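Structure record follows, encoded as structure tokens.
The values are calculated or read from the model by the stated rules, or taken from the named source; none is laboratory data. Computed from a predicted model, the values in this text were never measured in an experiment. Note that each Cβ is placed from the backbone with ideal geometry, even for glycine, and that neighbours are counted across all protein chains shown. Just so you know, the surface numbers come from the protein's heavy atoms only, side chains and all, with ligands and any DNA or RNA stripped out. Shrake-Rupley method; radii C 1.70, N 1.55, O 1.52, S 1.80 Å.
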Amino acid sequence: MTRIRRGYIARRRRNKIRLFASSFRGAHSRLTRTITQQKIRALISAHRDRDKKKRDFRRLWITRINAVIRNKGVSYSYSRLINDLYKSQLLLNRKILAQIAILNRNCLYMISNEILDPLE
């Protein structure tokens with residue numbers, strides 16, 4: 001009997017997985033079974049950390065706003081500022097407020113003064 005050459009489909013699938021893991025170190029980029037395991041781990045981590053990145057940025061924005069707003073007055077804090085923003089129906093999200101706090105503190109102080117005056 002003559003030898004039958006295998007098809008290319010399995011080899012193409014493995015090459016595709018190898019391209020994904022080409023930057024991994026050691027056996028994680030050379031052995032097919034470990035490559036598939038590491039690919040699964042990498043995709044799980046990427047999925048998890050996309051949500052974590054959103055949480056981390058929100059924490060950063062809150063910290064920046066709080067640090068700037070506490071310099072203004074002793075009794076004024078981040079939570080009071082956000083509460084006053086909601087009461088005055090001023091729609092500014094935390095990302096924009098943090099950018100204002102970093103780039104132009106006086107503008108943030110003006111915003112806080114504007115929302116404080118009508119409430120009092």
| field | Unit charges on C-beta of K, R, D, E only; dipole of segment 6-116, Debye | value | 1320
| Cα axis of helix 105-119 to longest principal axis of the chain: angle in degrees, 0 to 90, nearest 10? | 60
| request: Place +1 on the Cβ of every Lys and Arg and -1 on the Cβ of every Asp and Glu in the chain, take the dipole about the Cα centre, and give the residue among 69, 23, 116 whose Cα lies farthest towards its positive end. | output: 23
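Compute the Rg to Rh ratio over segment 6-116 from the alpha carbon atoms, using the Kirkwood formula for Rh, and round to two decimal places. Please list the in-between numbers first.
Working: Rg = 24.4 Å, Rh = 17.8 Å.
Reported Rg/Rh (Cα atoms, Kirkwood Rh): 1.37.
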| task | Using a 1.4 angstrom probe on the protein heavy atoms only, line up 109, 76, 8, 86 by accessible area, largest first. | result | 86, 8, 109, 76
| Solvent-accessible heavy-atom area per residue, rounded to whole Å², over segment 5-120 at 1.4 Å | 80
| request: Please give, to one decimal in nm, the separation of the simple spin-label points placed at residue 53 and residue 14, each 7 Å out from Cα toward the Cβ. | output: 3.3
| said: Using only Cα atoms and rounding to the nearest 10 degrees, what angle (0 to 90) does helix 32-72 make with the longest principal axis of the chain? | reply: 10
| query | How much solvent-accessible surface does residue 28 expose, in Å² to the nearest 10, with a 1.4 Å probe and all protein chains in place? | reply | 80
| How far is the Cα center of segment 56-80 from the Cα center of segment 1-54, in Å? | 45
| message | On C-alpha positions alone, give me the angle between the axis of helix 78-87 and the longest principal axis of the chain, in degrees, nearest 10. | response | 80
| field | Qualifying lysines (Cα of each under 24 Å from Cα of residue 53; at least 8 residues distant if same chain) | value | 39, 95
| Can you pull out the trypsin sites (Lys or Arg not before Pro) in segment 12-120 that DSSP calls coil and that have at most 14 other Cβ atoms within 10 Å? | 25, 30
